[in-house]
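The values are calculated or read from the model by the stated rules, or taken from the named source; none is laboratory data. All values reported here derive from a predicted model rather than from experimental measurement. Cβ atoms come from the backbone with ideal geometry, glycine included; neighbour counts cover every protein chain shown.
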Amino acid sequence: MLAATYTRTGPAAEVLSVGEMVAPVAGPGEVLVRVYASGINPADVKRRGGWRGIGMDHPLVIPHTDGAGQIVAVGEGVDPARVGERVWMWNAQGGYGEAGRAFGTAAEFIAIASHQAVRLADGLTYTDGANLGVPAMTAYRCVFADGPVAGQTIFVNGAAGSVGHFAVQMATASGARVIGTVSNLEAAAHVMDAGAFAAIDRKKENVAARILELTEGQGVDRIVEVDFGANLELDAAVLKRNGIVAAYSSSSNPTPVLPYYAFASKGANLRFIQGFLIPEDQRLAGENMIAEMAGAGKLKVAIGTTFLLHDIAKAHERVERGSLGNVVVLIGGAA
């Protein structure tokens with residue numbers, strides 16, 4: 001099979017290569033998936049680049065955690081009826097702080113545990129499905145980890161991003177009013193189209209003042225936070241009493257100093273979300289919500305750019321530069 005690999009961490013153009021290797025075989029409890037689309041997440045780029053000293057847990061790595069394709073064979077103990085099923089995959093490599101799997105989705109085939117290959121809704125393409133494992137499931141966990149949100153006001157910081165865009169849709173579909181931050185007019189239109197009540201340009205507006213104006217001084221019930229270290233003061237300022245901050249990243253400042261009393265005076269609840277460690281009951285509930293929204297035509301997957309497998313280094317560089325919509329590597333003829 002054709003696969004992208006790296007044997008050391010470093011810049012994408014220097015360490016990623018594409019070539020032939022032996023295709024895997026489905027073992028007990030596994031399915032063999034013909035991969036048609038491989039999603040790239042910031043975690044994949046950080047892992048390949050050696051972010052914060054991340055090393056090589058395996059001598060050779062096929063990158064990417066998320067992907068979508070079709071089951072072509074099953075291992076012992078798996079229902080043969082699954083052959084032919086369209087699926088999306090999650091945690092194909094594993095999370096931070098663990099060795100995980102060596103072989104991810106940036107290859108023509110992957111053998112993976114059957115439960116990690118989830119039926120892909122008929123209304124979604126393989127390209128769509130390659131963006132569900134981390135972005136959509138992280139969004140679900142951020143929004144619903146502390147219960148229903150109907151009637152609440154939720155602030156999504158970074159609402160035009162991969163996780164934020166899904167969070168806006170999920171919260172809105174569940175009866176919440178969503179306020180999001182953006183950085184330009186295109187992103188604002190993107191967020192409003194996803195169902196947000198308001199999109200605040202963080203570069204041009206006083207975000208805290210605008211949120212308090214929109215909430216008549218009450219603040220927000222929950223915050224979905226893209227960069228905890230950068231937005232501590234803002235979050236504390238706009239949070240309601242006993243409100244919740246669900247932070248899924250702190251890339252700009254991995255070791256933030258916490259303004260304790262700013263949060264304590266609100267009785268704030270701080271929750272750190274790790275998309276690779278979603279509890280099983282939440283994972284299954286998230287999978288069901290994704291399927292239900294997709295089946296009703298209410299789930300929009302924002303695709304920014306697609307690349308072919310031979311251009312995987314350029315795809316990684318695109319993620320590093322940042323862009324509106326998800327970056328996907330297409331493998332084979334299906335989309």
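Here are the numbers:
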{"quantity": "Positions within segment 124-157 being of a type outside the set (V, I, T), more than 22 Å from G69 (Cβ to Cβ) and either free of Cβ contacts under 8 Å to residues at least 24 places away in the same chain or surrounded by fewer than 24 Cβ atoms within 10 Å (Cβ to Cβ) (or both), in sequence order", "calculated": "F144, A145, D146, G147, P148, A150, G151, Q152"}
{"quantity": "Single residue of segment 302-320 satisfying the filter (among the acidic types (D, E) and either farther than 21 Å from E108 by Cβ or modelled with pLDDT under 95 (or both)) that is nearest to the chain's Cα centre (by Cα)", "calculated": "E320"}
{"quantity": "Residue, farthest from L299 (Cα to Cα), within segment 193-202, restricted to residues that are outside any strand (DSSP E or B) and over 20 Å from the mean Cα position of the chain (by Cα)", "calculated": "R202"}
{"quantity": "Candidates V191, V168, V163 - the one that is within 18 Å of A136 (Cα to Cα), touching a Ser or Thr at 6+ places or on another chain (Cβ under 6 Å) and of a type outside the set (S, T, N, Q)", "calculated": "V163"}
{"quantity": "In segment 210-254, the residues that are surrounded by fewer than 16 Cβ atoms within 10 Å (Cβ to Cβ) and closer than 14 Å to T153 by Cα", "calculated": "E213, E216, G217, Q218, R241, N242"}
{"quantity": "Options T127, T153: the member that is over 24 Å from D281 (Cα atoms), within 18 Å of the chain's Cα centre (by Cα) and of a type outside the set (G, A, S)", "calculated": "T127"}
{"quantity": "Neighbours by Cβ (under 8 Å, 6+ apart or cross-chain): first from segment 39-58, in a helix (DSSP H, G or I); second among the polar types (S, T, N, Q) and surrounded by fewer than 20 Cβ atoms within 10 Å (Cβ to Cβ)", "calculated": "P42/S251; R47/T9; R48/T9; G49/T9"}
{"quantity": "Segment 57-112, subset among the aromatic types (F, W, Y) and touching a helix residue (DSSP H, G or I) at 6+ places or on another chain (Cβ under 8 Å), residue farthest from V329 (Cα to Cα)", "calculated": "Y96"}
{"quantity": "Residues satisfying the stated conditions in segment 289-316, i.e. closer than 15 Å to Q169 by Cβ, assigned to a helix (DSSP H, G or I) and free of Cβ contacts under 8 Å to residues at least 40 places away in the same chain", "calculated": "E292"}
{"quantity": "Failed condition for R47, given (1) at pLDDT below 95; (2) crowded, with 18+ Cβ neighbours inside 10 Å; (3) at positive phi", "calculated": "(3)"}
